[in-house]
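**Q** Would you mind keeping the following structure in view while I ask a few things?
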Amino acid sequence: MAPELFVQYLMAGVTYGFIYAIVAIGFNIIYNTTGIINFAQGEFVMLGGMLAISLNGLVPLPVAIALAVAITMLIGALLEITFIRWLDRPSVLRMIIITIGLSILIREVALHVWGESVRALPYFSGNEITTIAVLGARVSPQILWVIGACSLMVGTLSLFFRYTLLGQEMRACAANRMAATLCGINPRNMVTFSFMLSAGIGALAGCVMSPITSTEYSIGTGLAIKGFTVAILGGLGNSMAAVAAGLLLGIIEAFSVSVLPLAFQDAIAITILLIILFVRPHGLFGRKDAAGLKEF
Amino acid sequence: MLRIKNLEAGYGKLRVLKRISLHVNPGEIVTLIGANGAGKTTLLATITGLIRAIAGEIQLKGENIERLAAEKIVARGCSLVPEGRQVFATMSVRENLVLGGYVQYRSKGYDLTAELDKIYALFPVLAERQEQLAGTLSGGEQQMLAMGRALMAKPSLIMLDEPSTGLAPLIVKNIFQIITRLRDEGNTVLLIEQNAKAALQIADRGYVMETGKIIVEGAADELLANKDVQRAYLGRDVE
């Protein structure tokens, strides 16, 4: 394989890898505070993209993106408050079914509001044919926007969880919910925050990827499957491992194009998901004993 | 400080506490002893609001708290050191302590560094292990961390659930010395223990609980001398 082609595939793989990683981190944040997988995570990505596209005509692009992220966060909080918060010690299965229901609801509402048409945000810098040279390969500047924005999010999130009081409260809830309550932390609020945070990062990823991948009402499902694969691959709840697993899946998918027909690309994620669930359900980086202690 | 009247509580249809009444005066150590399954931990869970009371009253400093959410009760000045330590295993010792002071951050005159220093003075081993993950501490150190975390909230009443469980005798002695010291510094302590003898030796008053009821109460030395208590809880044969 020519070195330029190699770099080309690699850049594409890293781009998609980061997007998967952000969706997976969204899964992890909610998983850590509630112990459930929020299957509406992909819909947050779709909502972010769609809202930004609609707002873009009315306000400048950066404002549109900021507004789209803020609105999606609000929707995340509202959904949690309406459908999950008031449940008294719900079972894991019940909460998962609720999130699946929410994902269908959001998708159908999006279909009514935006229709079936495929839309996209304009490229943040340059246009469709602008390229810059990276190690001999020609890549779109939007790819650098995606990689930059996603790595910034990952970095900011890890600082947030480490050094801010709110981040520490959320980790405390994840580590021991009862003890967190005894410290005076309201775990219900932490769950609402975790939905807001997941919705926010999902929406931002949805905006930066939109120029390359386009946005339509149904993209959430596919992203949720990829993100779920990555979250499981890395080990549920471990966000740094999710980044590594995301990049791995993205790169495998990108290079598969050179040996397999393009149509098989999506099958790869499902195959990896099945293999992981059979062979290493605690993930590549997860610990088996820790996984055994989890309810789900 | 704490006054409980005819308290009933339980899980689902199972009533564990049957008309419990007790009180704790400011500045004293009160101990509640009893066998496994007597309802001691359930009583603490009900006081802290983790379980709702079915009937009865719980008053903290004259204010009824039996309807408040658990996190509000901590803010009213009643902290629990739960059974089995329950430290935040994946967080550092310092982070654990900082979270313990969570309810106090917004109050004026709360000096986080000064409070941390107080805890480190009380438990020097925690100062040495500040950056270590709490889950990697020994059992005794985790118990000290759990106590330190509860004290960070500057509670007017601190409740300890079986602090001696699973610890070496020397460490138990150390923990009990610290509890005595807390009382001498003006704190109020409600101590729950299976190690009845050790608990009664440092306590001012005690209650004996059996199958969800208080069966004996009195001054600690009276209970130590009580023949029934001796036979049932102090492992002493009385002819």
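**Q** In debye, nearest 20, what is the charge dipole magnitude of the protein assembly as shown about its Cα centre with +1 on Lys and Arg Cβ and -1 on Asp and Glu Cβ, if you could check?
**A** Here the size comes out at about 680 debye.
**Q** For every other residue with a beta carbon closer than 13 angstrom to the beta carbon of B:Arg205, add +1 if it is Lys or Arg and -1 if Asp or Glu, then tell me the sum.
**A** Counting the neighbours of B:Arg205, the net charge comes to -4.
**Q** Right, next: Mind checking which lysines have their C-alpha under 20 Å from B:Lys227, skipping anything on the same chain fewer than 8 residues away?
**A** Straight-distance partners of B:Lys227: B:Lys197, B:Lys213.
**Q** Compute the signed sum of charges (Lys and Arg +1, Asp and Glu -1) over the other residues within less than 15 Å, Cβ to Cβ, of A:Asp266. Write out the running numbers ahead of the final one.
**A** On the way: positive: A:Lys226; negative: A:Glu253.
With Lys, Arg at +1 and Asp, Glu at -1, the net is 0.
**Q** Enter the Cα centre distance for the pair region B:90-126 and region A:90-113, rounded to the nearest angstrom.
**A** 41
**Q** What is the magnitude of the charge dipole of chain A about its Cα centre, with +1 placed on the Cβ of each Lys and Arg, -1 on the Cβ of each Asp and Glu, and no other charges, expressed in debye to the nearest 20?
**A** Values: 15 positive and 13 negative charges, 153 e Å.
Rounded to the nearest 20 debye, it is 740 debye.
**Q** What does the charge count near B:Gln104 come to, summing +1 for each Lys or Arg and -1 for each Asp or Glu among other residues with Cβ under 9 Å from its Cβ? Before the final figure, lay out each step's value.
**A** Working: positive: B:Arg106, B:Lys154; negative: B:Glu115.
Taking every Cβ under 9 Å from that of B:Gln104, the sum is +1.
**Q** To the nearest 20 debye, what is the magnitude of the charge dipole of region B:112-239 about its Cα centre, counting +1 on the Cβ of each Lys and Arg and -1 on the Cβ of each Asp and Glu?
**A** 60
**Q** Which ³J(HN,Hα) values, rounded to whole Hz and listed in residue order, are derived for region B:36-41 from phi using the Karplus coefficients 6.51, -1.76 and 1.60 in 6.51 cos²θ - 1.76 cosθ + 1.60 with θ = phi - 60°, glycine and proline given as x?
**A** 4, x, 6, x, 5, 5
**Q** Restricting to chain B, what percent of DSSP beta bridges are antiparallel, rounded to 5? Don't jump to the answer; show the numbers that get you there.
**A** Working: 22 of 40 bridges.
About 55 percent, rounded to the nearest 5.
None of the figures in this text is laboratory data; all of them are computed from the coordinates on show. Keep in mind it's a predicted model, so treat the numbers as computed, not measured. No Cβ is skipped: glycine too gets one built from the backbone with ideal geometry, and neighbour counts run over all protein chains shown.
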